[in-house]
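Engineer: Below is a structure I'd like to ask you about.
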Amino acid sequence: TRLEPLYADDDIVFDVNLIGLWEAPDGSALDFQELGDKIYDLIYDDNIDTQYQFYANLVTYSEGLLMAVFSDEPELDRGMPGAYAFHLIPDWFWRVEMTESGLKLEGMEHEEVSKLLQDENSSVKQHPKESSYWFEGIRIEQ
């Protein structure tokens, strides 16, 4: 199924405060590096024996930030004639909560993000009291 983009290039921002190494209490780590114009290169180390590489954009919406996460490196030449906007259709979405030293990433389904971005009065934007985060950690290196 070909999905339509839920956001536009104008919604993509870059926050230098994400750059660095973040560690979770279980010893897993997430390393954010700048790859290109508003693109993050992410390395996730599960603290067992595997590392995973992802690419991401930070997307603004009225209530905060979403991270659009891709399993493949994004197409950097977006101006190609006839190019479909694959760079606006991520594999996953994470809601981003960040403080000066802490980072929380909550996984979100595509349908949930669609409702959130299309309906400003949606109950989806309300954070549950007890959230389950995909990643929750503190900055250990900048």
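Engineer: Do you know which of the residues in the range 111-137 that are open to solvent by 50 Å² or more (accessible area, probe 1.4 Å) and not in a loop (DSSP other than H, G, I, E, B) is modelled with the lowest pLDDT?
Structural biologist: Taking the range 111-137 and keeping what is open to solvent by 50 Å² or more (accessible area, probe 1.4 Å), we get 111-112, 115, 118-121, 123, 126-130, 132-134, 136.
Adding the requirement that they be not in a loop (DSSP other than H, G, I, E, B) leaves 111-112, 115, 118, 123, 136.
On the way: E111: 88, E112: 90, K115: 87, Q118: 79, S123: 50, E136: 95.
Out of the qualifying residues, it is S123.
Engineer: Separate question: As an exercise: evaluate I89 against (1) at pLDDT 80 or above; (2) open to solvent by 70 Å² or more (accessible area, probe 1.4 Å); (3) out of contact with any strand residue (DSSP E or B) (no Cβ under 8 Å at 6 or more places or on another chain) and give the number of the one condition it does not meet.
Structural biologist: Result: I89 fails condition (2) only.
Engineer: From the residues in the range 20-76 that are among the aromatic types (F, W, Y) and closer than 15 Å to I138 by Cα, which one is surrounded by the fewest Cβ atoms within 10 Å (Cβ to Cβ)? Spell out the reasoning first.
Structural biologist: Filtering the range 20-76 for residues among the aromatic types (F, W, Y) gives 22, 32, 40, 44, 52, 54-55, 61, 70.
Those left that are additionally closer than 15 Å to I138 by Cα: 22, 32, 44.
Numbers: W22: 24, F32: 21, Y44: 17.
Residue satisfying both the conditions and the ranking: Y44.
Engineer: Any residue in the range 1-26 that's over 22 Å from Y133 (Cα atoms) and part of a helix (DSSP H, G or I): show its pairings with residues that are among the aliphatic types (A, V, I, L, M) and at pLDDT 90 or above at Cβ separation under 8 Å, as long as the two are six or more apart or on different chains.
Structural biologist: Sorted first by the residue in the range 1-26, then by its partner, the pairs are D11/V59.
Engineer: I need every pair where a residue in the range 35-53 that is in a loop (DSSP other than H, G, I, E, B) has its Cβ under 6 Å from the Cβ of a residue that is open to solvent by 30 Å² or more (accessible area, probe 1.4 Å), sequence separation at least 6 or different chains.
Structural biologist: Short answer, once both residue conditions are applied: K38/F14.
The values are calculated or read from the model by the stated rules, or taken from the named source; none is laboratory data. It should be emphasised that the depicted structure is a prediction, and the values quoted were computed from it without experimental measurement. Cβ: placed from backbone, ideal geometry, glycine included. Neighbour counts: every protein chain shown. The accessibility values were calculated without ligands, DNA or RNA, using every heavy atom of the protein model including side chains. Shrake-Rupley method; radii C 1.70, N 1.55, O 1.52, S 1.80 Å.
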